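Only the coordinates and a few stated rules stand behind these numbers; no lab work does. Because the structure is a prediction, the values reported are computed rather than measured. Quick reminder, even Gly has a Cβ in these numbers, built from the backbone with ideal geometry, and neighbours come from all protein chains shown.
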Amino acid sequence: MYYIDPHIHMVSRTTDDYETLAKMGCVAMSEPAFWAGYDRGSVDGFRDYFEQLTSFEPKRAADYGIQHFTWLCINAKEAENVELSREVIAMIPEFLDRPGVLGIGEIGLNKNTRNEATVFLEHLDLAMKTNEQILIHTPHLEDKFQGTRMILDMLIGDSRIDRTRVLVDHVEEHTISMVLDEGFWAGMTLYPVSKCTPARAVDMIERFGPERLLVNSAGDWGPSKPTAVPDLILEMRRRGHSEKAIRRVVYDNPIEFFSQSRGFVFDAPE
Amino acid sequence: MSTETSSQEILEREFLLVRAKILEIAASLDRIGRAPGDAAQDGRLELLQTAIEKLLEENPKQNSERAKQIQLLFSRPYDKQWKTTLELTR
């Protein structure tokens, strides 16, 4: 089955992973901008990173027949540095019209601080000014519930936001309803330890239905599995779900969401 | 969106997996108990115990919400006044 991974950090993965994903049916992926594993020292560090996301990674993906799309931002962790964040936000428009750029992301909160919230709001301003879609990171572990509520407060408080163009990612059992009930898209990240397993994700698909739901591997520097979406496909088959139902979640839904971006030029496989 | 699988079929499919996970938890708690030091004073151990007790709660309304309840147990609380608390000017 063809599938699309809507959230995967290929800069942290070897080229072998592209080969494996291609063999497993991945035809496209979207890669949000994230933390490098250390705090970058200057806006030029981000400029180089955006160059990598918009030039090098699409070429590396194309060698394996995978279409690569990307998002731009300063991530929530580095957003604690407001001065640097403002320099990065001012620089982002240099890249917004590059092929494959889908919007602003993954913005969000990390430890739910004032500086992170300030930078989140300033990213929203940019997204509204240039009519971008938005991809949002919700915090990890004990910070997730509080942070997701805070993020939703900021989104709901802004009448410019079209909720159908916003993806709130890394939802789990205690945050999924609040995101879906408010009309946003919700993404479930399939990590072996710190987020959701394929089985729990399928539970949520069964309970809430497939509408406005995405699943991703968020292949990352830390413990993660870039083949997690195929794991979910297998779990859904194991439970007797139809190929049509599975394809809705892993292929049709990403296309429906990303098609709202001017940068999403997708060549559907035959 | 569900399939027609019965609870008996799910138990059949998942029994060994759950058994393995319970053994992992038991082994971790044994490991902590055997080791020198005083982890008993660490609030996280009490949190783990409360979470384990939640699994056995006989509340029909919450019986299919154990995962959510345990997620909330491990979560920092939400403050409705967070914007004021953080002095966010926007």
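A few remarks follow.
- Sorted on the mean count of surrounding Cβ atoms within 10 Å across their residues, most packed first, peptides B:67-74, A:161-168, A:252-259, A:103-110 read A:103-110, A:161-168, A:252-259, B:67-74.
- Normalised radius of gyration (Cα atoms, divided by 2.2 N^0.38 Å) for segment A:96-208: 1.05.
- Taking label points 7 Å from Cα along the Cα-to-Cβ direction, A:D267 and B:V18 give a separation of 4.9 nm.
- Sites A:E87 and B:K80, calculated FRET efficiency, Cβ-Cβ separation with R0 35 Å, nearest 0.05: 0.60
- Rule-of-thumb Rg ratio for segment A:143-238 [Cα; 2.2 N^0.38 Å; N residues]: 1.09
- Shape box of segment A:1-126 [Cα atoms, principal axes, largest first, Å]: 44, 27, 25
- Note on chain B: Lys pairs 8 or more places apart or on different chains, Cα atoms under 24 Å apart, count 4.
- Pairs of Lys residues in segment A:118-270 that lie 8 or more places apart, or on two chains, and have C-alpha atoms under 29 angstrom apart add up to 6.
- Share of pairwise Cα separations in segment A:102-153, more than 12 Å, in percent: 60
- Averaged over the residues of peptide B:78-86, the number of Cβ atoms from other protein chains lying within 10 Å of each residue's Cβ is 4.
- Percentage relative contact order, chain A, counting C-alpha pairs under 8 Å, at least six apart: 19
- Unit Cα scatterers, Debye sum, chain B: log10 I(q)/I(0) for q = 0.13, 0.15, 0.16, 0.17 Å⁻¹: -0.71, -0.85, -0.91, -0.97
- Ellipticity estimate at 222 nm from DSSP helix runs (n ≥ 4, -39,500 (n - 2.57)) divided over chain A, nearest 500: -11000 deg cm²/dmol
- Shielding by other protein chains, A:243-253, mean Cβ within 10 Å: 0
- Calculation over all alpha carbon pairs of the protein assembly as shown in 10 angstrom steps from 0 returns a P(r) of 5, 23, 32, 24, 12, 3, 0 percent.
- Percent of Cα pairs exceeding the 14 Å cut-off, where the set is segment A:34-79: 53
- Sites listed here are chymotrypsin sites (Phe, Trp or Tyr not before Pro) in segment A:1-94 whose DSSP assignment is loop and whose Cβ has at most 13 other Cβ atoms within 10 Å: A:Y2, A:Y38.
- Scattering profile of segment A:134-187 at q = 0.18, 0.27 Å⁻¹ [log10 I(q)/I(0), Debye over alpha-carbon scatterers]: -0.49, -1.11
- For the pair B:D38 and B:A67, a Förster radius of 25 Å applied to the C-beta separation gives a FRET efficiency near 0.20, rounded to the nearest 0.05.
- Rg to Rh quotient for segment A:211-270, alpha carbon positions, Kirkwood Rh: 1.01
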